[in-house]
Amino acid sequence: MKGARWLVWPALLLSLMAEPAVSADQQSPEQQSFEQQPVDQQFSDEEQSGDDAPMDSEALDALHRMAETLAQAQGFSVTIRAGFDVVQDNGQKITFGERRKVTLIRPDRLRIDAEESDGKRSLVTYDGKAITVFNANDNVYGQVEKIGSVDDVVRYVVQDLDIRLPLALLLVSTLPAELDQRLESIDFVERDVLTEVPSDHLAGRSAGVDFEIWLDSGGTHLPQRVAITYRDEEGAPQYRAEFSEWKLNPEVLPVDLAFNPPAGAERIPFLVRVRQHAADQPATAGETPAGEAPAIDAPATSAQSGSMEGLPK
């Protein structure tokens, strides 16, 4: 049975920020297009805004309120329970799961604890000076120095470290602008009273992706559920997530987000991929960019059943 190979870097939300579940040895077209672009294109290029596509004003307002709430917060924490499809060679879709606890404190603190449905556990932290990736099952970790904000680290991880950052856009303070650039259409479906709190159920589209999102219709407008369908992928796989335990501006001490190696933990190399910047300059792998700490290798999950580390961008 096929699972999928994912590097160990967890994170957060929607189609616009999401990658499809893919089988082993495959790389999704969205990952290729996102990760291979220069970072200024990834986060700043003007994309088709969908001016001619249907934009329900009530739905768009609700989505903007959510984006502004997260972007303007000094920090937040949330638990995400997700399920995602992996399409098998025979066309059958198998669902795997994961649970993540995400804590973000701006400008420069991030911690993501993750557990997959097969028991694999990982941890990612950022303390304003270094990124740490810990594989609990193998008791190994890697670190790479990086000074800056969480926004800076998101860009650095996606482009320079070439690591998947699931639902990355939820983490950046430019979220409202990023959504505007990528959104093609949005509609208001209904006010759903069966969710944990009454929620605005929205349905939208971006390039190659259909998504539904349920936003708290009260004062927070925070995501409660999301369902993402990759309509252009074989088998139209889907990603589904439920968000709980939202806390805006939580009182968290830096020490609570720090990484403390457990007894016996081994530090291993972190592979930094140096991208090609000129036609006559070949790309290299395993080298450390000037000014960086010694390269360390983020542990990769296996291609066995269920070994899927994270999903959407």
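The values are calculated or read from the model by the stated rules, or taken from the named source; none is laboratory data. Note that the structure is predicted; figures quoted are calculated from it, not measured. So basically every Cβ, Gly included, is an ideal-geometry build from the backbone, and we count neighbours across all protein chains shown. Surface accessibility is based on the protein's heavy atoms, side chains included, excluding ligands, DNA and RNA. Shrake-Rupley method; radii C 1.70, N 1.55, O 1.52, S 1.80 Å.
The table below lists the values:
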| item | result |
| --- | --- |
| Residues located in segment 175-198, provided they are within 20 Å of S217 (Cα to Cα) and in a helix (DSSP H, G or I) | L175, P176, L179 |
| Residues that are within 21 Å of E245 (Cβ to Cβ) and crowded, with 17+ Cβ neighbours inside 10 Å, drawn from segment 171-194 | L171, L175 |
| Any hit, segment 269-282, residues being modelled with pLDDT of 90 or more and either surrounded by fewer than 20 Cβ atoms within 10 Å (Cβ to Cβ) or in contact with a helix residue (DSSP H, G or I) (Cβ under 9 Å, 6 or more places away or on another chain) (or both) | no |
| Of residues in segment 157-170 being in contact with a strand residue (DSSP E or B) (Cβ under 9 Å, 6 or more places away or on another chain) and open to solvent by 10 Å² or more (accessible area, probe 1.4 Å), the one modelled with the lowest pLDDT | R164 |
| Hey, A136 buried (at least 17 other Cβ atoms within 10 Å of the Cβ), of a type in the set (G, A, S) and under 24 Å from P223 (Cα atoms) or not | no |
| All positions within segment 77-133 that are touching a Lys or Arg at 6+ places or on another chain (Cβ under 6 Å) and open to solvent by 30 Å² or more (accessible area, probe 1.4 Å) | R81, R99, D113, E115 |
| Within segment 92-118, tally of residues that are outside any strand (DSSP E or B) and among the charged types (D, E, K, R) | 3 |
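A quick yes/no check of all residues on (1) farther than 18 Å from D108 by Cα; (2) part of a loop (DSSP other than H, G, I, E, B):
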| position | (1), (2) |
| --- | --- |
| H221 | yes, yes |
| V226 | yes, no |
| W246 | yes, no |
| E251 | no, yes |
| D256 | no, no |
| A263 | yes, yes |
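Let's see how each residue does on (1) more than 19 Å from the chain's Cα centre (by Cα); (2) of a type outside the set (D, E); (3) closer than 24 Å to E266 by Cα:
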position: N135; (1), (2), (3): no, yes, yes
position: N139; (1), (2), (3): yes, yes, yes
position: V154; (1), (2), (3): no, yes, no
position: D162; (1), (2), (3): no, no, yes
position: Q181; (1), (2), (3): no, yes, no
position: V209; (1), (2), (3): no, yes, no
